[in-house]
Each structure stands twice: as structure tokens, then as C-alpha cells.
Amino acid sequence: MTQPPAPLSPFDAAPARSAMEDPWHALPHEEVARLLEAPLGGLSPQEALRRLAAHGPNALPEPPGRSPLLRFLAQFNNALIYFLLAGALAALILGHHVDAGVIIAVVLVNAVVGFVQEGRAEQSLRAIRNMIAPQASIIRGSQRLSVAAHELVPGDRVLLEAGDRVPADTRLSLARGMLIDEAMLTGESVTAAKRSDPAAPEAPLGDRHSMAFSGTTVAAGQGTGIVVATGPRTQIGRIGTLMADVEPMVTPLLRQINAFARSFTWVVLIGGAALFLFAVLVRGYGWSEALMAVVALAVGLVPEGLPAVITITLAIGVRRMARRHAVIRLLPAVETLGATSIICSDKTGTLTRNEMTARRLFLPAGEGRTAEVAISGIGYAPEGELNWVGAGDPATASEALLRCALLCNDAHLRAENGHWLAEGDPMEAALVALAVKGGMVPAVERGAWERLDAIPFDAAYRFMAVLARGPSGETVIFVKGAPEAVLALCAGAAGEAGWNAAIDASARQGERVLGFAARRLAEGAPARLAVDSLDGLDFLGLVGFIDPPRAEAVAAIAECRSAGIGVKMITGDHGATAQAIARQLGLGESPLVMTGAQVDATTDADLVALAHATTVFARTSPENKLRIVRALQSTGDVVAMTGDGVNDAPSLKQADVGIAMGRKGTEAAKQAAEVVLVDDNFASIVAAVREGRTVYDNIRKMIAFTLPTNGGEVLGVIIAILLGATLPMSPAQILWLNLILSITLGLALAFEPTEPGTMERPPRPSHASLLTPFMLWRVAFVSILFMLATFGVLHLALSRGQGLEMARTLVVNTLVVMEIFYLFNVRFLHMRSITWQGALGTRAVLIALAAVVAGQLAFTYLPPLQAVFETRPVALLDGVMIIAIGVALMLVLEVEKAILRRLNIFAGEF
């Protein structure tokens, strides 16, 4: 006989084992009792204390944590933060207190947000620890006791009843009609039937019928068992260990911002040092004067408002996604969704409705043949009809089967806010809806039949039986259950080959199948039922069930395909069922299926290629899901993972963006995820991806707007220093430009709507730089145009004898008008900007435009501001000239965009 791995002694605290190393489900419960020294009368109190000291409490360990001060200081460990702090110090030295205040405020806001989000891992583990049952019923010292769950030890005898939460991993020694909801561990929507005989050694978690796992809930029946694992050695404890081992992921946006900050820092430092040396050695500046000038230029070049605007853009994306039923728990996840290249989705309730539906009947047609009846309607709504496939009358032929389905049934349907909800087993609820579609009224039919006795479903014999007396006094046995079990109770084997063919056909379609039978008893028969006395039944037919795909999920998957996003189904369901659903969802005619056992047998290196080629992963464990996500990420894919159970929490944390279900999701899954779907709908994920791409586009637009405009301003000053020419703007005027434009025009881009064709572009590479070749070209090209316009206007004004103050006023107004026209150009990076839609602008753009115009008029004509900034009133013809320069800039940039697109330069960036 196979022995469990060392250490065997219950007095040694064993480390957590993998699923393949846990043998208890495959051993007879008598052998388990012998190995764990678990007597029928339970452990003695002294022995229980000794084992508790050896194994520790039946609880998950507290995660190690850092002090709040260290966690807060860690938020400043970022290249962009260092650079911003240096810029703030420089601004203070130069007396630019407004700039310094803005920079410091941005840094503090970012640090506080990061500090608040830092505790998410601890919250996830705490949510899993709370899944442990607080109390447990056990036998100790030959007495039944109720003890705190954390006091359980291996070898304890546990008593389980309907409604109990299982307190520890338990090898069942007795199970009567026992059904356990294991959705939190396996993802299965249907309860798992339990029995005490050993399961196969290689059985996946969902097929270990001899085990009750910690944290799951007993839905029906009762049983007893022997505790075989506690605390971190339980299945749920291993999940907590997996989560603790998962390193927090850095989102693509944060990677790009960090890379951008490092590159930008080096460019500014090297350029500033070179300019300082030139000013001192070539132009004869004093070293202190040159240093102050270089620092001033650096402060002007730093896009200090960019982090704040990025944060605002992400916050706007959060608000938009909330309207799409997606609640964002971590701001950068908004943009990460836009970079998603693979979505790994749960099946039940996300891609499907999580409402079992009777799809078709197979009825006897004489001479060993079967007849098929198609059933319309979806979900629990009792709306639809029976349609005979071929000739015949389904209403008459199916009446006996429908009555059996309705009476051998404990479920009910109820309407709530326009939706039909199930009370009881999902398949039994689907049978109630089926009966209504067949013309029966459940309340009337059940009221006409008196239930005399019943045998509840049990995994040992796999059927349910009801004895009922009808309105005419007849007594009838009704049976439903696994088709092969029900067929074995029927008289003879007439048509068994036909029924087996129908069962196989349903299985190929991914349907779950129930068989139905009945027998009318002779008058005077005892009103009692016994399992071993059921025989000679008449087989009534089969019903095939399926959890139907959501119609909106089919459309969403098609949209994913056009957007270049791969979709993988990862489920705890059986492979055939998952494959059939995948076909109906449009994931392929013959989608490749890989089981959890096959994943276990595959090396990490080989799994990379297999994970990308496979569409459906079935009967998966938490370790399987974690390895699959890591395999997909290893090639640079940005992976979004959906889930609802505790078993999904490690992979949700590992994924680039974890998406938890809001309705049926456990608290552990929600705490581990960055996104929570309010409606548990796959279509909402795709809508969120669209919003994520919009957010990233808007961030790119802000960078494409901010860097060239800052660069144009600074480049003019640098050229003037290099040439020894007159500075085109005073320091105060540079400060004015930074102040008025960063809080108006740049911020307006955060509110831009989704551009047409957004979901027709492939996902961007996860390691792509924010400054793509096109963006670098744009920064250089626009900066040069701004610089040429600056010097052109300056020298034109000076040549006309208008004076330095007037010339600088014209320069500042020219730059503002150019930035206004450039804003309208940059609003559409992927299409033409000169359109009716582009000219109208958005509400945010029009408000920003009005604010800038009002501010600039005050800057130019208001006497107090004229005194501060040394400005002069601008004449009408000069104003027309300035606007013409702005129009010319717009036309040049539109021609540039068209040429680049026509020549296919920077392909893929449009």
C-alpha cells in the first residue's frame, strides 16, 4: 500500500506539501486513522495539547510587515521623485516659490497614495486567514465538544453538518448525502458530492471526493472525518504561502515613467554641465551667475506638472471605468489594462451566465431508439418552449419526464427585480424552469402530489429518489441521477446502446446529463424507500444541461481578437465542458485543452510555449494558475487574470492586473486584485481595456504636448546664451508660461474621449518607452519650430524699433497661441486633426482655452500684471500676425503627420 511521505508522525510539524505530495485522499480512512493514531473516541486532551505544541495553531501566520515610517520613506525611492526634489530645491534657491510648492505637493501626494496601497498584500493574506472557521465540532476523550478552530490538530475527529464551514483539511470516514461548495478552491459552480472511499492518487483537487477542505462550506448532508492538515499545511494555507511568495508587479506605466525619468535626468545633467562650462569658459560668465542660469533652465525644462496630470488622468479613467462596472483599487491598473495582451478568464459566471439551463431532452421513441427535443430559453427564466427535432409531439412524450424532474426536486425559483433567482441546487432549479416551459405550473403540480418518503442524493449511489402519492391515489417512485446509475435501476437494457450514444453526444457538447426513471407501485405497497430495493424502474429519458455563454461575452471576445488580445480560459471544470463552451464563445473550432495534471507534468521551460498555444486550461489548481500566468509573462506579455475564489488569489496577485468578481468573489480575491467587476461580466473587462488604452493615449498626448512646449521655451534661451544674443523672455515670463499652460491646456488632455479605431490596434509592447521614435521626433521637430518662431518674432519686433519689452510680450503671446493650436493637433495622434470633430473640441478643451485666453489678455493689457511681467499692449495687426503663426504651425504639423503616415515612417505608432 502506498505510504504518505515523511514526516509521518503527527508529532512533527511538517512543511506545506504540494498537491501531488498529499496522499491522504487516496488511502482508506482506516489506514489514515492508524497512521495518525486517531482512535474512534477521539484524542485525549493531553494528546491534543502535545500535538498542538508540535504543529502550532490551526491558523495562517501573520505576514511580516515593515514599520509605517519605512513604508512611507520607501515611496520616495524613485528616479523621477529624486529629480523633482532636486528641481524643487533649485526653484527655492532661485526664489521660484510657486514652482517649488507645486513640485513638493506632487511628490507628497504620490507618496501618500503609494503608502496607502502598500498594505494590500497584508490585507489579502488577512482575508484568507479569516476563511478559517471560528468553531469546530469534534470528538475528544469520547465526548462531543465545540472548540475554537485554531485548537484543532492532525488526528482530531471532526463532525460536519449542512451549513458548517470546514475547519481543517479532513479525510472523510463517513458521508451521508454530503455536498460541499468548493467554488472558492476549484471554481466549480456545482457542489461536490462526497463519499468515504479512497479517490485516485492522481485525482486533481476537484475530484478528491474523500476530502473536505478547510474554508469550504457543507451545502447538504452530514459526515465525520479525521483532520489530516492544519494551518499552513492545508490547501487554503498553501494558497496563502503562494501569495506571500509572489513579488508585487511593477505596472508597464510605472516602468516607463521610471525609465523616462532616468533618461531625462541624464540628458538634463549632461546638457546642463556642458552649458555651464561653455558659459564660464567661452562667454566669460562668472561661475555663480552661470550656475544660477543653468539651474533656472533645468527647472524650466522639468515637466513638474506631468506626474500630477498623469495622476488626474488615471483618476478620470477610474471614474469612467466605474460607469463600465469596473471598480479600480490601484490607479496604475487603469493604464495597465490598456497594455493587456492576454486575458486569462474564469469560465463560470464571467464568460458564462452561471445559471444552469436545460438545453435538450432525449426521450424513448420505441424499438431502442431515442428522440431529441430542443429547449429554447436561457438561464432560470421560465421562458421558452420545447421543440421536437423531427416529427412528434414533445408536450405529450415529455410529460412523464417533466413530472419526475419537478417532483424529484427540492429547488425553487423566485423573481427579484426582474431577474429569476434559484433557491437550491442549480441543476434542480433548471429543471423547475424546464417544467414551466413544458406547460406545468410547479406550485399546482407539487400541491397535487404528496411526498411520502425520499432518499437524498449521495455520491455513493449517485441518484435521488422520491416516493409520492398522486391526485388519483396512485403511488409512484421518481428517480433522477447519473444516467448510468439510473439505467442500472431500470428493467432490462432495452435501448441502452441508444441512451449511451445520447450521453456521449451530450458530453461532446460539454453538457452535464441527468437520467430520469419512475415506477408505479401496486396498491398496499409500503410508503417507504430503501436504496437496495429500487429496481424494475421505467427509464423516462435524459436531460442535458449547460451553463450558457453570455451573449455579450461572445461579442467582447470578437473585439479582443480585433484588438490583438489573446483570451485564455482557465477553469476548474472538466476539459470537455470547457472546450465546448470555448467553441460557443468563438475561441476556436477545436481549441487546445490542457489539464492541471498535464501542467504539473510539464517543466517551466516547456510550459512557456504550451501556455501560449493552449486556449483552455481545465481542472486547474492554484499552483497551475500561478505557473500559467508566469509562463505567459515570461515572453513579455501583459497578462490580466480574472478570478473569484481564494484559489485565484495568488495568480491575481501575480498577474499584471488582477480582476476579481464583485458579486460572487471572495474577499481574498478582491483584496489581491487591482480591479473588481461589479457585474462579473467579461464584456466589462473589454470595456475597461478600451478605457485603459484611452488613458495611455491621453498620457502620451500630454507628454507630446508638454515636452516640446517646454523644450521650445528653453531652447530659445539656450540658443541665446550660446550666441550671446538677447534673451527672448525674462525669468518671470518663463514662470508665467509654466504656470498658466500646465494647469489649463495640459490638463485638458486628461479628459479626451476614446479615439476611433482604438480597439483595432494591437497592444503596445510592455517594455516600450514612453518616448517612442515618433515621440522623440515630435519633441525635436516642434521644439525647433517654437524656437524659430521665438527668434523670428523677437528680431522682427526689434528691427521695427518696438523695444525689448514689446518684443518679449509678442514672443510670450506667440508661444501661447502656438501652444493652443498645437493642443488641437496633438488631440489626435492617430488621425487627422483638421476635422469638424477636432475643431469643436471637448468641454474640457473649451474651458481650458477660455481660461488661457482670459489669462493672456490680463497678462498683456492689465496694468498690475504689466508692471510685474514688464509687458506692453499688443496692437491689432500684431495680434493677427500671432494668430497666423499659430495657424501656420497647425498646417505644418498636419502635413508632417500625413507625410509620415504616407511614407510608413514610425509604423505602428499611428
Name the one entry in ALA192, ALA212 that is within 16 Å of ALA459 (Cα to Cα), of a type outside the set (Asp, Glu), touching a strand residue (DSSP E or B) at 6+ places or on another chain (Cβ under 9 Å) and without any contact (Cβ under 8 Å) to a residue 40 or more places away in the chain. ALA192
Mind listing just one residue for me: the one in region 172-223 that is in a strand (DSSP E or B) and buried (at least 23 other Cβ atoms within 10 Å of the Cβ) and, of those, modelled with the lowest pLDDT? ALA192
Among the numbered criteria (1) surrounded by fewer than 20 Cβ atoms within 10 Å (Cβ to Cβ); (2) part of a loop (DSSP other than H, G, I, E, B), which one does ASP453 miss? (2)
State whether one or more residues within region 755-769 are within 48 Å of the chain's Cα centre (by Cα), assigned to a helix (DSSP H, G or I) and of a type in the set (A, V, I, L, M). yes
In region 379-393, which residues are buried (at least 17 other Cβ atoms within 10 Å of the Cβ) and touching an Asp or Glu at 6+ places or on another chain (Cβ under 9 Å)? GLY379, TYR380, ALA381, TRP388
Does GLU450 fit the bill of being more than 44 Å from the chain's Cα centre (by Cα), at pLDDT below 90 and outside the structural domain of GLY221 (by TED's automatic domain parsing)? no
Please pick out the residue among PHE791, PHE786 that is at pLDDT 90 or above, buried (at least 17 other Cβ atoms within 10 Å of the Cβ), under 49 Å from the mean Cα position of the chain (by Cα) and of a type outside the set (Lys, Arg). PHE786
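Quick check on GLY65: is it of a type outside the set (Ser, Thr, Tyr), modelled with pLDDT under 80 and part of a helix (DSSP H, G or I)?
no
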ALA374 fails exactly one of the following numbered conditions: (1) free of Cβ contacts under 8 Å to residues at least 40 places away in the same chain; (2) within 18 Å of ALA660 (Cβ to Cβ). What is the number of that condition? (2)
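Okay, residues lined up against (1) of a type in the set (Ser, Thr, Tyr); (2) in a strand (DSSP E or B); (3) touching a strand residue (DSSP E or B) at 6+ places or on another chain (Cβ under 6 Å); (4) surrounded by fewer than 15 Cβ atoms within 10 Å (Cβ to Cβ):
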site	(1), (2), (3), (4)
CYS404	no, no, yes, no
ASN409	no, no, no, no
LEU431	no, no, no, no
GLY439	no, no, no, yes
GLY447	no, no, no, yes
ALA867, sole failed condition from (1) under 20 Å from GLN802 (Cα atoms); (2) part of a loop (DSSP other than H, G, I, E, B): (2)
Only one residue in PHE774, PHE781 is of a type in the set (Phe, Trp, Tyr) and surrounded by 18 or more Cβ atoms within 10 Å (Cβ to Cβ). Which one? PHE774
So ARG561 clears everything in (1) over 30 Å from GLU760 (Cβ atoms); (2) among the basic types (Lys, Arg); (3) without any contact (Cβ under 8 Å) to a residue 40 or more places away in the chain except one condition, right? Which one? (1)
Which of (1) surrounded by fewer than 24 Cβ atoms within 10 Å (Cβ to Cβ); (2) free of Cβ contacts under 8 Å to residues at least 60 places away in the same chain; (3) not aromatic (Phe, Trp, Tyr) does ALA687 not meet, given it meets every other one? (2)
Selection from region 451-482 of residues that are in contact with a Gly (Cβ under 8 Å, 6 or more places away or on another chain) and charged (D, E, K, R): ASP458, ARG462, LYS480
Among the residues of region 786-801, are any in the same structural domain as VAL887 (by TED's automatic domain parsing) and in contact with a Phe, Trp or Tyr (Cβ under 9 Å, 6 or more places away or on another chain)? yes
Subset of region 547-559 (residues that are surrounded by 22 or more Cβ atoms within 10 Å (Cβ to Cβ) and out of contact with any Leu (no Cβ under 7 Å at 6 or more places or on another chain)): ASP547, ALA556
When region 884-902 is examined, which residues are found to be surrounded by 14 or more Cβ atoms within 10 Å (Cβ to Cβ), of a type outside the set (Asp, Glu), in contact (Cβ under 8 Å) with a residue 60 or more places away in the chain and under 16 Å from PHE824 (Cα atoms)? ILE885, GLY886, LEU889, MET890, VAL892, LEU893, LYS897
What is the number of the single condition among (1) under 44 Å from the mean Cα position of the chain (by Cα); (2) farther than 21 Å from ILE899 by Cβ; (3) of a type in the set (A, V, I, L, M, F, W, C) that ALA854 does not meet? (1)
Odd one out for ASN110 among (1) within 28 Å of the chain's Cα centre (by Cα); (2) modelled with pLDDT of 65 or more; (3) surrounded by 15 or more Cβ atoms within 10 Å (Cβ to Cβ); (4) not small (Gly, Ala, Ser): (2)
Test: ALA358 is modelled with pLDDT of 80 or more and either outside the structural domain of ARG764 (by TED's automatic domain parsing) or of a type outside the set (Phe, Trp, Tyr) (or both): yes
In this structure, does LEU632 turn out to be assigned to a helix (DSSP H, G or I), modelled with pLDDT of 85 or more and over 22 Å from GLN235 (Cα atoms)? yes
Within region 495-536, work out how many residues are surrounded by 21 or more Cβ atoms within 10 Å (Cβ to Cβ) and either assigned by TED's automatic domain parsing to the domain that holds THR577 or farther than 30 Å from LYS347 by Cβ (or both). 2
Going through (1) in contact (Cβ under 8 Å) with a residue 40 or more places away in the chain; (2) surrounded by fewer than 24 Cβ atoms within 10 Å (Cβ to Cβ); (3) not hydroxyl-bearing (Ser, Thr, Tyr) one by one, ALA578 fails only at (2)
For the structure I just gave you, tell me whether PRO650 is crowded, with 23+ Cβ neighbours inside 10 Å and touching a Ser or Thr at 6+ places or on another chain (Cβ under 7 Å). no
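Can you pull out every residue in region 303-322 that is among the basic types (Lys, Arg) and either modelled with pLDDT of 80 or more or touching a strand residue (DSSP E or B) at 6+ places or on another chain (Cβ under 6 Å) (or both)?
Of everything in region 303-322, just one residue is among the basic types (Lys, Arg) and either modelled with pLDDT of 80 or more or touching a strand residue (DSSP E or B) at 6+ places or on another chain (Cβ under 6 Å) (or both), namely ARG320.
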Criterion (part of a helix (DSSP H, G or I) and under 38 Å from the mean Cα position of the chain (by Cα)) met by exactly one of LEU722, LEU749: LEU749
Could you list, ordered by first residue, the pairs with Cβ atoms under 6 Å in which the first is in region 433-447 and in the same structural domain as ALA381 (by TED's automatic domain parsing) and the second is polar (S, T, N, Q), at least 6 apart or interchain? GLY438/SER398
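The values are calculated or read from the model by the stated rules, or taken from the named source; none is laboratory data. Predicted model only: the values in this text are computed from it and were never measured. Methodologically, a virtual Cβ is constructed for each residue, glycine included, from the backbone with ideal geometry; neighbour enumeration extends over all protein chains shown.
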